[in-house]
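A.B. asks: If you scroll down you'll find the structure; I have some questions about it.
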Amino acid sequence: MATPTRLPVEPLLVILGSTGTGKSELAVELAKRFRGEVINSDAMQMYTGLPIMTNKVTVTEMCGIPHHLLGHVSLRDTPWTVDNFRREATKVIDEIRDRGNLPIVVGGTNYYVDALLFSDVILDERYPNDEPLPVLEESTEFLFQELKKVDPKMALQWHPNDRRKIMKSLEIYLRTGRRASDIYAEQQERRSAGIRDSPWQNLLFWVYSDREVLKARLDARVDKMLEAGLMDEVRELLDFKREEEAAGRAVDLSRGIWQSIGYKQLEPYVLAQEEDKTGEGLEQLRITCVEEMKAQTRQYAKEQIKWTRRKGIQRLVQEGPDAVDSLYVLDTTDVSRFQDTAVEPAARLTEQFLRGEPRMHPEELSELARTTLSDAKRGSPEQTPCDKTCDLCGITVVTEERWRDHLRSRMHRARWKKKKRLAVVPVEDTPREPSEPESENI
């Protein structure tokens, strides 16, 4: 069954997928064939330096293809937000089209990509010239309580510590007198009625590898990063942090480049080396730190896949049939067949897309595509709102489903066992759902 298409006036290619699946390689191959230019959407790769830690594509790997929004943000700059990315990426895309070339967005920061594809992911910056609102400088807890008063539906969607989203929702109400939840509801009604601001003119490729194969590939990549000098970059970033602190500039380790996988995990080993620690203890610390980095990398890949399944595809479904039928799954499990299973199918589909010709239905591309897409399109069950805090872990959740997931998590169980072990008065077992399996890393 072929998908109905039209000749795209403003075509955009988007390459999705978890880390380690070959997104950058596919982007370059398609760019070479279709006069493309690549726009990076990986948040960590936007920072200058640290090419090993952030897995930047090398000049050689670029093959002469222009790459944008790559290594252009100084470590001292304020970390980018979704709004920054969407504004700058949109500008770059327009410039690429003005040159008669094809924009190709590639990267792993899914909420950046979603902000480009879906107009209601974040509400536009409508008030750039308005006076600042002093109330928005108050504590996150205060802002959350205010949001619960004026827009309780919106407050239920955000974690109580998610300052950016809470502040944005509250600002919408303060600037317009309208609840953000009402605005989003109107957008949903427009989507349901098939009303769009512009036709869907995007072609999406979800680059996908078998879970067990990807785990081994990611572990091997960490080993290669260490051989290439990753520890030197950790030392470089540690020195930068010390310089900033010595100059009296605060370093927020919860944002920006500090969220790169590698620094936090390997810093203890680098610090131990500085203290001239030696022997088996130091070697065991190195092994532990490296294993932690590998585990975090696998977890990140799992979260990327989960995002596409639970959010990306569901947003495509909400956009309508044209959007749903624009997403193709490419199998990169066997790297020796990358040309056959990824490049050639993607090139054929891209050519048909650019010519406005009918394409095969996404689920007909392969058995992997059929099972992956059909499972994802079923969607997740409706979430039940709640407001619960785990005093043991200091974590607040906003749905019953996430609460059950937290109670089953390794972190919670480990802390509960420790509490039981140290308690003078016996404590009851933590409530959990024994019928559901414990979550695992990828």
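A.B. asks: I need every pair where a residue in segment 62-87 that is within 23 Å of Lys32 (Cα to Cα) has its Cβ under 7 Å from the Cβ of a residue that is in a loop (DSSP other than H, G, I, E, B) and polar (S, T, N, Q), sequence separation at least 6 or different chains.
C.D. replies: Going by the 7 Å Cβ cut-off, the qualifying pairs are Gly71/Thr48.
A.B. asks: At pLDDT 90 or above, basic (Lys, Arg), more than 22 Å from the chain's Cα centre (by Cα) and within 30 Å of Gly262 (Cβ to Cβ): which single residue out of Lys148, Lys224 fits that description?
C.D. replies: Sole residue among the options that is at pLDDT 90 or above, basic (Lys, Arg), more than 22 Å from the chain's Cα centre (by Cα) and within 30 Å of Gly262 (Cβ to Cβ): Lys224.
A.B. asks: Of (1) surrounded by fewer than 20 Cβ atoms within 10 Å (Cβ to Cβ); (2) touching a Pro at 6+ places or on another chain (Cβ under 7 Å); (3) not in a helix (DSSP H, G or I), Leu330 satisfies all except one. Which?
C.D. replies: Result: Leu330 passes all but (1).
A.B. asks: Sticking with this one: What are the residues in segment 299-327 that are of a type in the set (D, E, K, R) and touching a Pro at 6+ places or on another chain (Cβ under 7 Å), if any? Walk me through how you get there before you give the answer.
C.D. replies: First, pick out the residues of segment 299-327 that are of a type in the set (D, E, K, R): 302-303, 306, 309-311, 315, 319, 322, 325.
If the condition is that a residue be of a type in the set (D, E, K, R) and touching a Pro at 6+ places or on another chain (Cβ under 7 Å), then Asp325 is the only one that fits.
A.B. asks: Kindly indicate which of Glu303, Glu280, Glu292 is of a type in the set (Asp, Glu) and touching a helix residue (DSSP H, G or I) at 6+ places or on another chain (Cβ under 6 Å).
C.D. replies: Numbers: Glu303 fails: touching a helix residue (DSSP H, G or I) at 6+ places or on another chain (Cβ under 6 Å); Glu280 fails: touching a helix residue (DSSP H, G or I) at 6+ places or on another chain (Cβ under 6 Å).
Just one listed residue meets the conditions, Glu292.
A.B. asks: Further question: Quick check on my filter: what residues within segment 148-166 are of a type in the set (A, V, I, L, M) and surrounded by fewer than 20 Cβ atoms within 10 Å (Cβ to Cβ)?
C.D. replies: Residues satisfying the conditions are Val150, Leu156.
A.B. asks: Please work out if Gly22 is touching a helix residue (DSSP H, G or I) at 6+ places or on another chain (Cβ under 9 Å) and over 30 Å from Leu365 (Cα atoms).
C.D. replies: On the way: touching a helix residue (DSSP H, G or I) at 6+ places or on another chain (Cβ under 9 Å): yes; over 30 Å from Leu365 (Cα atoms): no.
So Gly22 fails the test.
A.B. asks: I need the full set of residues from segment 1-59 which are on the phi < 0 side of the Ramachandran plot, of a type in the set (D, E, K, R) and either out of contact with any Cys (no Cβ under 9 Å at 6 or more places or on another chain) or buried (at least 23 other Cβ atoms within 10 Å of the Cβ) (or both), in order please.
C.D. replies: Arg6, Glu10, Lys23, Glu25, Arg33, Glu37, Asp42, Lys56
A.B. asks: Ser192 is checked against (1) at pLDDT 95 or above; (2) more than 30 Å from Leu75 (Cβ to Cβ) and fails just one. What number does that condition carry?
C.D. replies: With (1) at pLDDT 95 or above; (2) more than 30 Å from Leu75 (Cβ to Cβ) applied to Ser192, the lone miss is (1).
A.B. asks: May I ask you to verify whether Gly320 is surrounded by fewer than 17 Cβ atoms within 10 Å (Cβ to Cβ), of a type in the set (Gly, Ala, Ser) and touching a residue at least 12 places away in the same chain (Cβ under 8 Å)?
C.D. replies: For Gly320, the condition - surrounded by fewer than 17 Cβ atoms within 10 Å (Cβ to Cβ), of a type in the set (Gly, Ala, Ser) and touching a residue at least 12 places away in the same chain (Cβ under 8 Å) - is met.
A.B. asks: Determine if segment 79-101 includes at least one residue that is buried (at least 16 other Cβ atoms within 10 Å of the Cβ), modelled with pLDDT under 95 and of a type in the set (Lys, Arg).
C.D. replies: yes
A.B. asks: Quick one: which residue in Arg255, Arg221 is in contact with a Pro (Cβ under 6 Å, 6 or more places away or on another chain) and charged (D, E, K, R)?
C.D. replies: Criteria check complete, one pass: Arg255.
A.B. asks: Also, quick follow-up: Is it fair to say Leu237 is touching a residue at least 24 places away in the same chain (Cβ under 8 Å) and in the same structural domain as Glu291 (by TED's automatic domain parsing)?
C.D. replies: yes
A.B. asks: Within the bounds of segment 20-28, is there any residue that is among the polar types (S, T, N, Q) and part of a strand (DSSP E or B)? Break it down stepwise before answering.
C.D. replies: Looking only at segment 20-28, we keep the residues that are among the polar types (S, T, N, Q), and these are 21, 24.
Next cut, part of a strand (DSSP E or B) only: none.
There is no residue in segment 20-28 that is among the polar types (S, T, N, Q) and part of a strand (DSSP E or B).
A.B. asks: Follow-up question, since we're still on this one. Where the second residue is of a type in the set (D, E, K, R) and in a helix (DSSP H, G or I) and the first is more than 13 Å from Phe144 (Cα to Cα) and lies in segment 164-182, which pairs have Cβ atoms under 6 Å and are six or more apart or on separate chains?
C.D. replies: Filtered contacts from segment 164-182: Ser181/Lys153.
A.B. asks: Further question on the same structure: Pairs only if they're at least six apart or on different chains, beta carbon under 6 angstrom, first in segment 272-293 and outside the structural domain of Gln259 (by TED's automatic domain parsing), second modelled with pLDDT under 95 and not small (Gly, Ala, Ser); list them, first residue then second.
C.D. replies: The qualifying pairs do not exist here.
A.B. asks: Just name the residue that is nearest to Arg402 (Cα to Cα) out of those in segment 167-177 that are crowded, with 18+ Cβ neighbours inside 10 Å and among the hydroxyl-bearing types (Ser, Thr, Tyr).
C.D. replies: Across segment 167-177, the extreme among qualifying residues is Ser169.
The values are calculated or read from the model by the stated rules, or taken from the named source; none is laboratory data. Remember, it's a predicted structure, so these values are computed and weren't measured experimentally. Glycine gets a Cβ as well: all are built from the backbone with ideal geometry, and neighbour counts include every protein chain shown.
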